[in-house]
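Structure first, then comments.
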Amino acid sequence: MEKHAWWKESVVYQIYPRSFCDSNGDGIGDLNGIRSKLEYLVRLGVNVIWLSPVYRSPNDDNGYDISDYRAIMDEFGTMADFDALLSEAHAKGLKIVMDLVVNHTSDEHPWFVESRSSKDNPKRDFYIWREGTPGNGSRPDPPTNWGSCFSGSAWEWDPRTRMYYLHFFSKKQPDLNWENPSVRNEIFDMMDWWCRKGVDGFRMDVISMISKPDIFEDSPTHGGLYGDSSVTCNGPRVHQYLQEMNRRVLSKYDLLTVGETAGVTVEEAQKYANAGGTELNMVFQFEHVELDGGAGGKWTRNPLSVRALKENLTKWQNALEGSAWNSLFLCNHDQPRIVSRLGDDSPKSAKCVATMLHFQKGTPYVYQGEELGMTNCPFGPIENYRDIESLNAYRELTESGLREASELLDCIAYKSRDNARTPMQWDDSPNAGFTTGVPWIMTNPNYREINAAAQIDNPDSVFSYYRRLISLRRGSEWKDLIVYGTYALLAPDDPDIYAYVRELHGRRLLIVCNLSGKAREFAPGLSPAPAETRLLISNSGTPLFSPVLRLSPWEADAWEVC
Ligand code: NOJ
């Protein structure tokens, strides 16, 4: 019998604070803005908030470059605001999971400022410094050909000590040296400090990248979103470090821990999220959101094939059954909006996609605005983008002549992380009610139609649909079946229909999602055939069950089949 745990029974809501709600009119979301919206989250029915980083940061990568782990970013408020947020959230039954960004710091973190100051500084070995290799120019070439996830080399030349430092992300995000026990001590102390404050867990940024290869040598390929994952991910000591973290910090508290594990395989996930609990509770894998990549890496516009999606998600469902725990997500602050990617921007397709995900086994994550069916944004020219990944890629690929500007811009419009970062659409007042000032990034013009105020009390809205999905999982007679039941895919080769069965103690649920804009017939072919059915939810009124289901475009239905 599978072990029960609160984090398996939770639904997590991710907040990207910069874009959620601005309380002071400076155009940037903040902690007091979040406080003012806690009731909204209670209404939605989630019980955990994952806060993208709120720590002090020069914002080269919107807070994923931290200069002080124990202070709040000025634009977001103060530590007193954070403490108030935490206690108000707890009073409302909401837990708070912090983003933990410890693969790298900001180059403005005092550790790095010291580290770069001289070769014999005590903090020198907190980061990864290497001599260059002989080159033809005025300075040596980088130690290896490794690429940064944000374009260009992963090595930055530092003129003061005439050495290179490693940065798998921007040059303002130097990678920490986890080999150094003092680094681990500092990080574990800091985590302990937040736990003692009462936070409820950690989402660990690119945690699969903390252990670097034993030998630094050129890789055959060095591009891609996360560089060459054989170089950057699942390094030789990553499990040792996480087990140490677990022993020294995590096991002392009752936390939700989720690793952002770029490049993770099923076999690695079974270690990171092992059922014995020696590392983390669960991982984010990314294969399913990379299926629409191509020769141009991330910057392509291939359709997301339903068949490939089913195959991939099913692989993860089956492989982790009983041995580890899945997290379920389609959106986050790094992904374009799923309703524009897998759906057709319509509310009905948003509900269909949500149904497909929320009945699977694992802990679901809802990213701000997903519950409203927020779509990709028509940004227009490159000047309207803010994201370092998109801007660097545009510059590097057009300046090198590798891509033609308008074609690349088209791909950036489709895939840019900024699609997820436009202001949360609260109502139809200027700037979607996000700010009274000038927002730091443009507001999606469709906020007049798509916004929370228009949806909260409308029983047919995407919001109400999410609310129902969440309440089925968290507080219905089907709760155990949805959380702990087994998963079996039906009709793997069907190009449009994603259908599956969940089963626990002889009770079965049938989920059928027509992920296409075509009317379809579908015979689930259940064995044994159901004698009786009960509809749990549908985005298409009250459909009747029959051996051959007639599905309208984007129809999604879930039944108990007895
Ligand atoms: C993954 C985060 O989700 C992303 O937003 C960030 O840019 C990189 N890690 C670097 O911290």
Inset, instruction - Only residues that are open to solvent by 20 Å² or more (accessible area, probe 1.4 Å) and either modelled with pLDDT under 95 or out of contact with any helix residue (DSSP H, G or I) (no Cβ under 9 Å at 6 or more places or on another chain) (or both): list them for segment 487-506, please. - result: Leu490, Gly506
Legend entry - Sole exception among (1) open to solvent by less than 10 Å² (accessible area, probe 1.4 Å); (2) touching an Asp or Glu at 6+ places or on another chain (Cβ under 7 Å); (3) of a type outside the set (A, V, I, L, M, F, W, C) for Gly362, by number: (2)
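Sort through Ser115, Ser151 and tell me the only one that's in contact with a helix residue (DSSP H, G or I) (Cβ under 9 Å, 6 or more places away or on another chain), at pLDDT 95 or above and not assigned by TED's automatic domain parsing to the domain that holds Leu38. So that I can check it myself, show each step before the final result.
Values: Ser151 fails: at pLDDT 95 or above.
One residue alone meets the criteria, Ser115.
Every residue in segment 402-432 that is open to solvent by 50 Å² or more (accessible area, probe 1.4 Å) and closer than 19 Å to Lys298 by Cβ, please.
So in segment 402-432, the residues open to solvent by 50 Å² or more (accessible area, probe 1.4 Å) come out as 402, 404, 406-407, 410, 428, 430.
Across segment 402-432, the qualifying residues are Leu402, Glu404, Ser406, Glu407, Asp410.
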Inset, instruction - Find the residue count for segment 203-243, including only residues that are of a type in the set (S, T, N, Q), open to solvent by less than 50 Å² (accessible area, probe 1.4 Å), at pLDDT 95 or above and part of a helix (DSSP H, G or I). - result: 1
Inset, instruction - Would you kindly identify the helices (runs of 4 or more DSSP H) lying entirely within segment 446-562 that contain at least 1 residues that are assigned by TED's automatic domain parsing to the domain that holds Leu304 and at positive phi? - result: none
Legend entry - Residue that is acidic (Asp, Glu) and either touching a Leu at 6+ places or on another chain (Cβ under 8 Å) or under 30 Å from Arg467 (Cα atoms) (or both), where the choices are Glu383, Glu404, Glu370: Glu370
Legend entry - Qualifying residue in segment 251-263 (condition: open to solvent by less than 30 Å² (accessible area, probe 1.4 Å), more than 22 Å from Asp99 (Cβ to Cβ) and among the polar types (S, T, N, Q)): no
Legend entry - Matching residues in segment 284-324 - criterion: being at pLDDT below 95 and β-branched (Val, Ile, Thr): Thr300
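If you go through segment 382-404 one residue at a time, how many are in contact (Cβ under 8 Å) with a residue 24 or more places away in the chain and in a loop (DSSP other than H, G, I, E, B)? Quick ask: steps written out before the conclusion?
Applying the first criterion (in contact (Cβ under 8 Å) with a residue 24 or more places away in the chain) to segment 382-404 yields 382, 384-390, 392-393, 395-397, 403.
Still in the list and also in a loop (DSSP other than H, G, I, E, B): 385-387, 403.
Residues in segment 382-404 being in contact (Cβ under 8 Å) with a residue 24 or more places away in the chain and in a loop (DSSP other than H, G, I, E, B): 4 in total.
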Inset, instruction - Only residues in segment 190-202 that are open to solvent by less than 20 Å² (accessible area, probe 1.4 Å) count as the first member; pair them with residues that are polar (S, T, N, Q) and modelled with pLDDT of 95 or more, Cβ under 6 angstrom, at least 6 apart or cross-chain, and list the lot. - result: Gly201/Thr257; Phe202/Thr257
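Has segment 472-484 got any residue that is touching an Asp or Glu at 6+ places or on another chain (Cβ under 6 Å), open to solvent by less than 40 Å² (accessible area, probe 1.4 Å) and β-branched (Val, Ile, Thr)?
Initially, segment 472-484 is screened for residues touching an Asp or Glu at 6+ places or on another chain (Cβ under 6 Å), giving 483-484.
Then drop every residue that is not open to solvent by less than 40 Å² (accessible area, probe 1.4 Å), which leaves 483-484.
If we keep only those that are β-branched (Val, Ile, Thr) too, we end up with 483.
Yes, some residue in segment 472-484 is touching an Asp or Glu at 6+ places or on another chain (Cβ under 6 Å), open to solvent by less than 40 Å² (accessible area, probe 1.4 Å) and β-branched (Val, Ile, Thr).
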Inset, instruction - Only one of these is within 16 Å of the ligand (Cβ to nearest atom) and touching a helix residue (DSSP H, G or I) at 6+ places or on another chain (Cβ under 6 Å): Tyr69, Tyr55. Name it. - result: Tyr69
Inset, instruction - For segment 173-201, enumerate the residues that are over 30 Å from Gly152 (Cα atoms) and not in a helix (DSSP H, G or I). - result: Gly198, Val199, Asp200, Gly201
Legend entry - Residue in segment 343-357 that is more than 16 Å from the ligand (Cβ to nearest atom), outside the structural domain of Asn312 (by TED's automatic domain parsing) and acidic (Asp, Glu) present: no
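With respect to Leu509, determine if the residue is open to solvent by 20 Å² or more (accessible area, probe 1.4 Å), over 30 Å from Gly29 (Cβ atoms), at pLDDT 95 or above and within 29 Å of the chain's Cα centre (by Cα).
On the way: open to solvent by 20 Å² or more (accessible area, probe 1.4 Å): no; over 30 Å from Gly29 (Cβ atoms): yes; at pLDDT 95 or above: yes; within 29 Å of the chain's Cα centre (by Cα): yes.
Taking the combined requirement at face value, the residue does not satisfy it.
Test Ser182 against the criterion of being modelled with pLDDT of 95 or more, surrounded by fewer than 17 Cβ atoms within 10 Å (Cβ to Cβ), in contact with a helix residue (DSSP H, G or I) (Cβ under 8 Å, 6 or more places away or on another chain) and of a type in the set (S, T, N, Q), and give yes or no. Walk me through how you get there before you give the answer.
Values: modelled with pLDDT of 95 or more: yes; surrounded by fewer than 17 Cβ atoms within 10 Å (Cβ to Cβ): yes; in contact with a helix residue (DSSP H, G or I) (Cβ under 8 Å, 6 or more places away or on another chain): yes; of a type in the set (S, T, N, Q): yes.
Taking the combined requirement at face value, the residue satisfies it.
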Legend entry - Candidates Asn246, Asn274, Asn318, Asn312 - the one that is open to solvent by 10 Å² or more (accessible area, probe 1.4 Å) and within 18 Å of the chain's Cα centre (by Cα): Asn312
Legend entry - Matching residues in segment 233-270 - criterion: being without any contact (Cβ under 8 Å) to a residue 40 or more places away in the chain, within 24 Å of Asp214 (Cβ to Cβ) and not basic (Lys, Arg): Cys233, Asn234, Gly235, Pro236, Val238, Gln240, Leu242, Gln243, Asn246, Thr265, Glu267
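The values are calculated or read from the model by the stated rules, or taken from the named source; none is laboratory data. The structure presented is a predicted model; accordingly, all values stated were derived computationally and were not measured. FYI the Cβ positions are ideal-geometry reconstructions off the backbone, even for glycines, and counts take in every protein chain you see. Ligands, DNA and RNA are stripped out before the accessible areas are found, and what is left, the full protein with its side chains, is counted by its heavy atoms. Shrake-Rupley method; radii C 1.70, N 1.55, O 1.52, S 1.80 Å.
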